[in-house]
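K.L.:
Right, I'll just put the structure down here and ask away after.
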Amino acid sequence: MLRVAIDGPGGTGKSTIAKAVAARFGLEYIDTGAMYRALGLKAKRNGVNAADEDAVRDMLAATTIDFVGGQTHLDGEDVSGLIRTNEISMAASNISKLAIVRAKVDEVSRYLASTKDVVMEGRDIGATVIPDAEVKIFMTAAPEIRAKRRYEQLLAAGKEADYDRILKEIQERDYQDSHREVSPLRAAEDAVFLDTSNMTIEENIDAVAEIITAKTGRSA
């Protein structure tokens, strides 16, 4: 088995890098963050308050999440294009504080990691979800750099963007993720730290590939 766990705060390029590395090594890409985002979207759509644990439990019981061709499906609907907004990012962070939510996502994640070679990315994969992963990487980047990247992504997509607001939301989410009681954002003790602040996407992909090869002897 080859399981690569990539963790770190939002905006470090985890998803882009994980997808590319998975393709390079012939591994299955698993985006655990998309599961939380999908649940955050459903909670927002249905007016479910993250503070109401009974309501969240009922919602979970009536929810299915799947990945089809790399796309996130919520109750059979492809929501990949709906879950990448800052608003849904905050909703995902709020609902992920609940132990019952994290337990459900972790259960699905562990099952996938036990049945195939994967690159799995999130915020506590190496420390909590698959602590016996062969490769663990913790990506980081300055909040200002992450805000700039997100700002430019939104502009390139023809959407309105406010850099100061994006930076504030990133800082707020970082605080929430690192201070929640259940599975807070943290690096595994044996994780390799990778600061992507001054790296291009290709440089980042190459760096992760080199770490995988150094740890496992497996070449892309």
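K.L.:
Take the residues of the stretch 44-55 that are within 30 Å of ALA147 (Cβ to Cβ), among the small types (Gly, Ala, Ser) and without any contact (Cβ under 8 Å) to a residue 24 or more places away in the chain: which is surrounded by the most Cβ atoms within 10 Å (Cβ to Cβ)?
P.N.:
Looking at the filtered set, the residue picked out is ALA51.
K.L.:
Mind listing just one residue for me: the one in the stretch 56-95 that is small (Gly, Ala, Ser), surrounded by 15 or more Cβ atoms within 10 Å (Cβ to Cβ) and more than 19 Å from ALA18 (Cβ to Cβ) and, of those, nearest to the chain's Cα centre (by Cα)?
P.N.:
Looking at residues that are small (Gly, Ala, Ser), surrounded by 15 or more Cβ atoms within 10 Å (Cβ to Cβ) and more than 19 Å from ALA18 (Cβ to Cβ), I get SER93.
K.L.:
Now a separate question. Which one of these is of a type outside the set (Lys, Arg), more than 25 Å from ALA187 (Cβ to Cβ) and touching a strand residue (DSSP E or B) at 6+ places or on another chain (Cβ under 9 Å): GLY126, GLY33, GLY70?
P.N.:
On the way: GLY126 fails: more than 25 Å from ALA187 (Cβ to Cβ); GLY33 fails: more than 25 Å from ALA187 (Cβ to Cβ).
Answer to the selection: GLY70.
K.L.:
What number of residues within the stretch 66-100 satisfy the criterion of being among the hydrophobic types (A, V, I, L, M, F, W, C) and closer than 12 Å to THR32 by Cα?
P.N.:
Adding up the residues that qualify gives 2.
K.L.:
Pairs under 7 Å by beta carbon, first residue among the hydroxyl-bearing types (Ser, Thr, Tyr) in the stretch 123-144, partner surrounded by 23 or more Cβ atoms within 10 Å (Cβ to Cβ), six or more apart or different chains?
P.N.:
Final answer for the pair search is THR140/GLY8; THR140/THR12.
K.L.:
May I pose another question? Quick one: in the stretch 1-36, of everything that is surrounded by fewer than 20 Cβ atoms within 10 Å (Cβ to Cβ) and in a helix (DSSP H, G or I), which residue is modelled with the lowest pLDDT?
P.N.:
Here the residue is SER15.
K.L.:
Follow-up question, since we're still on this one. What is the number of the single condition among (1) of a type outside the set (Ser, Thr, Tyr); (2) within 30 Å of ALA51 (Cβ to Cβ); (3) within 19 Å of the chain's Cα centre (by Cα) that LYS168 does not meet?
P.N.:
Of the numbered conditions (1) of a type outside the set (Ser, Thr, Tyr); (2) within 30 Å of ALA51 (Cβ to Cβ); (3) within 19 Å of the chain's Cα centre (by Cα), the odd one out for LYS168 is (3).
The values are calculated or read from the model by the stated rules, or taken from the named source; none is laboratory data. Quantities reported herein were computed from a predicted structural model and do not represent experimental measurements. Note: ideal-geometry Cβ built from the backbone for every residue, glycine included; neighbour counts use all protein chains shown.
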